[in-house]
Every structure is written in structure tokens, then in C-alpha cells.
Amino acid sequence: MTQAPALLEISNLSVEIRGKHILRDVSLSIGAGEIVALTGESGSGKSMTAFATMGLLPQIASARGGIALSGEPLLGQSEKRLCEIRGEQIGMIFQEPMTALNPVQTIGRQVTETIRIHTAMPQNKAEQRAAEVLTRVGLPPDAVPLGRYPHELSGGQRQRVVIAMAIALRPALLIADEPTTALDVTTQAQILDLLQKLVREDGMALMMITHDLAVVSDMADRIAVMNNGEIVEQGPTRTLFSEMRHPYTRALFEASTHKADLAEVDTDETLLSVHGVSRDYPVRRTGLFTPKRMFRAVKSVSFDINRGERVGLVGESGCGKSTLTRAILGLEPVQEGTITLDGQPVFSQGHPDLSVRRKIQVVFQDPYGSFNPRHRVERLITEPFYLLDSPPNGAERERAVAEALEAVGLNATDADKYIHAFSGGQRQRIAIARALIIKPEIIVFDEAVSALDVRVRAQILDLMAQLSRDYGLTYLFISHDLSVVRSITDRVLVMQAGEIVEQGETEQIFENPAHPYTQSLIAAAPQMPNYDPTSKGDRDASSNPN
Amino acid sequence: MLRYALKRLTSLAVSLLIASVVIFVVVEIAPGDPASFMLGINAQPDTIAALRAELGLDVPKFQRYLDWVGGMLVGDFGTSYTYRTEVSGMIADRLWISLPLAIYALMISTLIAFPAGIIAASRRGRPADIGVMGATQLGVAIPNFWFAMLLVLLFAIKLRWFSAGGFPGWESPAEAIKALTLPAIALALPQAAILARVMRSSLIDILGEDFIRTARAKGLSRRQALWRHGLRNALIPVLTIIGLQFSFLIAGAIIIEQVFFLPGLGRLIFQAITQRDLIVVESVVMLLVFAVIIVNFMVDLAYAAVDPRLRART
């Protein structure tokens, strides 16, 4: 435990918006060179604490308590002085690298701006300085020129630009709000390494906000756990993980390492068969007369899924997961190969076969965007009835609705409500009810739990396991999140650049990955530490030597 | 950027070709034979036939289309049936009023709308915003000819600063501009109201974007963030509306031209339609289509200048 003099001192901070308590008596201190993680579920007040520190609370918010940086009070400070402090003494990086940059300005200009507004440096000196900073974050100008626009960069590169803007003037405090949540695991590992390096080199204090305990478990010096606007527990990382005095901390930890209880698969009858499937997309022509080129997004992919099996498909963004999923759902034709469900092709004579389509249903990631807000739940979940030749009517239909809702742990009376009345987790239950209602053979989960908080996620994973047992369902579970895939699948397929590079039993793959890409994925994935004596964490101990 | 411009230019040419065919066909199938209209209901069939031959109406349609398009390409718009003068000359005279009027009105509307929209967006929900929104509500609701009459009553009849109508010609540019001022204001006010609202809502959307928060985290004040990062991004929808408005101003000033006795394009086309002067109708409509397409082309180029993502997409 380091006893550095506190650089940032937050004492009894309370924030109210229209009489609603957003933060209650939050006290937190961060010393120079220290990494303090602020963790908790969505709405717990993590980001509000950060915005209060930046002096960027919504204008309708009222704050009480104290925030001091190097002894200078920030709360109640004049806007002019706050503008001087922001960017110079406190830098901040955000979750969404895709939208955090101004799309119509070059990256060089955006980094230079930080320098120019706080110093009297002339333009060319500032540009030179921007180039140095970009080099420092891993974007040397000879590889990524200053004249590039954000849309010409990948997500990881954009996040590096945001970091460059935040650290250009070597601020004393850096606030990172979910800096890696939107990134792939390997990119995430690189960005986390970069942040640690910068903290070490500059002696910066880092306030790291994350919902993912595993991300901060081996980089934070201290962790503060927030719930409902309060810090329920804080302490040095190792102590916090080994003691976990507060039940909420324990609940979070258990949910993050949750393993769903899967039923044994007893048949080896093939349900879904993907054989030699390739999918091409036309590439935008570069000139009027250049020949049309195709991009092969999926390259001769073959695999079988047996009835009752839960199979995971993992890979980073752009690897072809989504393309393959659309082909399996019969939404798009394939250029080569066949996809059959129960022996019948999913796509025949140029259009999807309805008698096959009704056997396969899908649940998507976004619990907020995948429902029409103007329809009642009853109408939303009966949509797949369009796939049936004679959909049930009257009492039979009501019974089907009630049964589907009860199967996912909701009430039959919820059928009359609108979607806005439900939380994210409940919405995902409704999405599952919509998939269940026509009794499919197989459900495709496309990042279906990625947007959920850990405790809700654990509940939904349990529900999935329960349903697969009750209804003998087969799952194809697509995710970028390795720990989730590990907890809910029997077998896993690893996809890279359009190809399945490795497949096998889930535990087998996680314990002994054979392909270098799988190895790098697993190495990059943040792991929960195994300090808690009560957790059955033997697998963590063996695979995570740090 | 060059490829983007070339591509837009190709689509411009194709649009013009399609427009010329549509205009020709529509005007040809519209009821009312110019010859019989000009000679009145008691005319003898052979007199009508003779006039038809004189006007060139007896030539096969396809041939007439080619002649018409070919003529326009070299600036020859044919001869007016009613006035027996060169259509190109008639149009040129009118264009010298309509085009400056449209540009003048657009300048006024932009000069009003931009500051109003920006002030409203940056003081959202506060008195300035409420005031701007109320004023634009009125501006959108009130027809421009009524504004025109109010302006005449106040500035021409009561204060006698401007004349109530007519156009003195461009011999004295100052007088010409003065004569166009009231019509331009009358045209501009409703347009400014719409544009200010678009500017406001576009800017409010942009101010809620993540990169504005990033800009604030860098140390920019709210105002600086708005000017440096908000405005240019907010321009895209505003440019779209400006393009549409300019097209409307060139062709749609007919009522205002009527109120101020301005011999502009709107009045020309109105008269030509009532007199079945098909060649004039075709030519003026084609010219207006040309103007609209050119304006859209310029708006497309402006988009690309504002947004680098469009340049890349070609």
C-alpha cells in the first residue's frame, strides 16, 4: 500500500439532480502515481464522480462536499479557472472512441488544440509537440500522419488519439471512463498497457472507471466499489479481493466469475451443419473502369452443431462472425457451401425457407434498440408467429404468450405493458421470450449479454442454461467476451479473418489453446484474481500466473 | 475530392437529360394547342394548320425534342409563339431580376438565421431561445406576400424610404438594389425562420455529441466548443435546406414578383402558361431545373468541403 500525498481529494461529495440523489457522501483520494479504480454497475455513480471532478456535471445538478486537486478546491470554482485546469491538470478519456473525436477535424489538429489552448506555443511548435505525443501513445506520424481524419483510423487507434489529447500537457490526474469497454480484447490489453506505462513514466494519478473488475484487478493500486451513488467499500486491490467485506462487492465478484450450470448433452445427432461456406462482398470500386473486386468475409467455414449443444463463436470485430450469423439465419445467400438445419437448406431458390426459419431464432445485443417502443409486449413477442402457416388465435395465442413470458421469469400480465417499463435485463428476457414462443430448435445469441451489468448477466446466463435444459434447446452463442463464452458453452469455435482457426471443447480450448491466435486472445483477456478463498477458482490459479 | 466532384458532375448531366425528356413530354401532352388558342375559337382549320406549320408544330415530336435540346446547348431557346421574339432574350431580361433577387434574399435569410439559430441553441430553454423560437414560429406561419404588403405599407407608403414596386433596371445598380430590397426581405423572412430552426436543432444535436464533451475536457469553454467543434458539424443539414431554399427562391418568387410588379421569371412563366406559349414554358422550366440541379451540385461540393468522410466515400 502506497502512502503518497493525496493529489485528488474528494470528501463527502453529494450530487443531486432535481431532488434525486446521484451521489451520496463519496470520499476518495488518489495520490500521484497511483491507479485507483472506481467500479460498480451502470447508474452506480462512477461516471458522475468523474464528471464532478472535471467540473462537467450537468447544469441542473447541484453538488455539495469538497473536491480538491493539489489543495486547490474544484467544487464551486469559477468556470474560467476550471477551463484552465481541464486539459492541463486533469485529462480525461472516454468509452466510445468512435464518437469521442470530432469527425471533421484531423487528428493532428485535435491534439494540437489541447496544447494551443493552454500554452502560448506557436502553431508549428505545437504540431511538433502533438507529433511527439502521438508517437508516445503508439501513433508515430510516419505510420499515422497528423493529417488523418478519425474515420480513417481503427477503434484502438482512435482511443490512442483521445489519450494523446488527454496527456499532451502531462496532466497530474488522468480520468479514464471505461476506456477499453468498446475495444476488442487484444486492443484492450494494449491500451491498458499504454495507460500503465504513462502513469509510471509521468507519475500521473489515474482514476480508472470500469464495470469490469477483471480489467483493473491487476493494474489498480486501490479499488473503490460503488453502488447507488455511494462507495460501499474501498481498499488496496489485494485486500479488497481477499476480504470483500461488503456483500455487494462479493455479489459483483461472484457474478463476474459466474459459471452457468449446463445440462449434459446426450445425443450426437447433427442439427445445424455448415459446410464449406464462403461469403463475398463487393468492394467499392476505386475508379470507374477498375474491375469489380470482392472481399471474402467468410472463407470455407465448416462446422456441425449437435442437437442440445451450446456452441460459442468467438473472434474480434471484423472477423466475420456477424456475416456468418446472417448466413446461418438465412438472411443472405452464400457464394459457396451449404448450411442445413435438420437436413434442410436454410436458403433455397434465392429466398430463406420459412419451414426452416421457424426452427431458428435470434436474440441480439441491444436490449433498448431491438424493440419497437410503440408496441405492447404481447405484440412484440408474437412477431415470429408470421413464420407459422397457421398461427394460434384467441385463447391459444394468449396461452402461448403467457407461457413464453413465464418461461423467462416474467409474468403473464406483463404482456400488456410497453417496453419502456422494463429494465435492460428484463428486456433481454423479453427478447428470449420472443425467440422461444414458436418453440425453435436452435437460438442464436448475438452478443446477447454484452450490454448487461454483471449481476444481470449472471441471471440471464442462468436462465439460458435453464431453458436449454427444459426445452432441449441448442445454442449458438456469439461473443467477443471470452469469459461469458466459457461460462455458457460446451464447445467453442474461434474465428479469425473469416476462418475458423480452432474448435473444440470449451474447457479444452481455454486450458490448452493450440492456435497462436487463440493463445493471444486468451492471454489478452483480463482475468479475475483468485484471492477469495471461498471461490472455486482453481482454473484461474492455473492459467493466470500473475 | 476530384473524383467526388466528377462523380457528382456525371449525375448532374444525367439528371439534366432526364429532366429535359420529362419536361418535353409533360408539356406536349398537356391539353391546349397553341395555334388554335392563339387564333381563337372561331378560327378556320386551314388557318390553324398554317400557323402550326409556321410555329414548327407539324414536325415529328422526336425531331422537335432534338431541335429544342440542340438549340438550348448553343443558347438558342427558340422563338416565343405569342411575342414572336427570341426566348433567350426574354429569359435573360427576367433572369437579371430573379437571380439577384434570389441571391439577395438568401443572403438576408442566412444573415438572420445563423446568429438566431446559434444564439437559440447555445441558450437552450432560456429567454433568448424562447424569443427566437417564438419569432420563427410566426415567420413560418405567416405567408410571405402578407409580409410583403406590410413592408410596403410601412416602408413605401408611410416612411417613403422605398418605392412600392417596379424595377428601374440595372443602369443604376444602387437604385436596382434598392428596388429589390423590400421583395428580398419579404422572401427572406419565412426562409430565415425555417433556416434558424434547422440551425438550432442541428446544433443542439451536435452539442450533445461525445466529441463536444471531449472538447470541454480539453479545457474549451462551452462557447469555444460550440464555435470550434459544433458549428461545422451542424452545417450539413443547414446546407441541405439552403440548397432547397435557393431553388425555391429562383422559381417560387412569383407572388412576390406580382406584389412588387417585378418582371421576373415567375411572372414570365405564369403568363406563358396562360397563353399556351409552350416553347417559353419549356425553356423556363428547363432553366429552372438547370438552376436547381446546379445548386444541388454546389451543395454536394459544400458537403464534401465540410465533411471529410464524404470525400473518402467518393
Could you give the length gained by full extension between B:Q271 and B:D33, i.e. 0.36 nm per residue of separation minus their alpha carbon distance, to one decimal place?
84.1 nm
Can you tell me how chain B classifies by the Cα gyration tensor, rounded, prolate or oblate, using a/c under 1.5 as the rounded cut?
oblate
Rounded to whole Hz and in sequence order, give me ³J(HN,Hα) for region A:313-324 from the Karplus expression 6.51 cos²θ - 1.76 cosθ + 1.60, θ = phi - 60°, writing x for Gly and Pro.
10, 10, x, 8, 4, x, 7, x, 4, 5, 4, 4
Long-range amide H partners of A:I93, meaning residues 5 or more apart or on another chain whose placed amide H is closer than 5 Å, are A:I175, A:A176, A:D177
In region A:349-364, which residues have a backbone nitrogen under 12 Å from the label point lying 7 Å from A:E383's Cα in the Cα-to-Cβ direction?
A:362-364
Nitroxide proxy distance, nm - points 7 Å out along Cα→Cβ at A:H246 and A:H375:
4.1 nm
Bin all alpha-carbon pair distances of region B:2-73 at 10 Å intervals from 0 and give each bin's fraction as a whole percent.
16, 35, 25, 13, 7, 3, 0
Can you list the lysines whose alpha carbon is less than 16 Å from that of B:K61, not counting same-chain residues fewer than 8 positions off?
none
Kindly write out, for region A:120-126 in residue order, the coupling ³J(HN,Hα) from the Karplus curve 6.51 cos²θ - 1.76 cosθ + 1.60 (θ = phi - 60°), rounded to whole Hz, with x marking Gly and Pro.
9, 5, x, 3, 5, 5, 5
Over chain B: helical MRE at 222 nm, DSSP H runs n ≥ 4 each giving -39500 (n - 2.57), nearest 500:
-25000 deg cm²/dmol
Cβ neighbours within 10 Å from other chains - mean over B:223-233
2
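With a ≥ b ≥ c the root eigenvalues of the C-alpha gyration tensor of region A:1-108, is it rounded (a/c under 1.5), prolate (a/b larger than b/c) or oblate?
Rounded.
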Peptide A:89-102 - average C-beta neighbours from other chains (10 Å radius)
4
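Let a ≥ b ≥ c be the square roots of the eigenvalues of the Cα gyration tensor of region A:313-428; is it rounded (a/c under 1.5), or, if not, prolate (a/b larger than b/c) or oblate?
Oblate, since a/c reaches 1.5 and b/c is not below a/b.
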Using θ = phi - 60° and the Karplus form 6.51 cos²θ - 1.76 cosθ + 1.60, what ³J(HN,Hα) does each residue of region A:26-31 get, whole Hz, x for Gly and Pro?
7, 10, 7, 10, 10, x
Förster-model FRET efficiency, 56 Å R0, B:A50 and B:F145, C-beta, rounded to 0.05
0.85
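At 0.36 nm per residue, minus the direct Cα-Cα distance, what do B:L138 and B:D205 gain on full extension? Give it in nm, one decimal, please. Could you put the intermediate results ahead of the total?
Details: separation 67, 0.36 × 67 = 24.12 nm, distance 2.34 nm.
Computed gain between B:L138 and B:D205 is 21.8 nm.
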Sorted peptide list for B:233-239, A:434-440, criterion being average Cβ within 10 angstrom, highest first:
A:434-440, B:233-239
Identify all lysines with a Cα-Cα distance to A:K80 below 30 Å; exclude those on the same chain that are fewer than 8 residues away in sequence.
A:K20, A:K46, A:K125, B:K218
Is there a simple number for the mean count of other chain Cβ atoms within 10 Å of the Cβ of residues in A:49-60, and what is it?
1
I want the antiparallel fraction of DSSP beta bridges within the protein assembly as shown, as a percent rounded to 5.
60 percent
For A:K321, which lysines qualify as cross-link partners when the Cα separation must be under 30 Å and same-chain residues fewer than eight apart are set aside?
A:K259, A:K292, A:K299, A:K359, A:K439
Under a point spin-label approximation (7 Å from Cα along Cα-to-Cβ), what is the A:N228-B:L12 distance to one decimal in nm?
6.5 nm
Per DSSP H run of n ≥ 4, the term is -39500 (n - 2.57); total these for chain A, divide by its residue number, and report the mean residue ellipticity at 222 nm rounded to 500 deg cm²/dmol.
-10000 deg cm²/dmol
Would you mind counting up the charge near B:I254? Only other residues with Cβ under 15 Å from its Cβ, with Lys and Arg at +1 and Asp and Glu at -1.
+1
Between B:L244 and A:A497, with labels modelled 7 Å along Cα→Cβ, what's the label distance in nm to one decimal, could you check?
4.7 nm
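Every number here is computed from the coordinates shown, using simple stated rules; none is lab data. The model shown is predicted, which means the values in this text are computed figures rather than measured ones. FYI the Cβ positions are ideal-geometry reconstructions off the backbone, even for glycines, and counts take in every protein chain you see.
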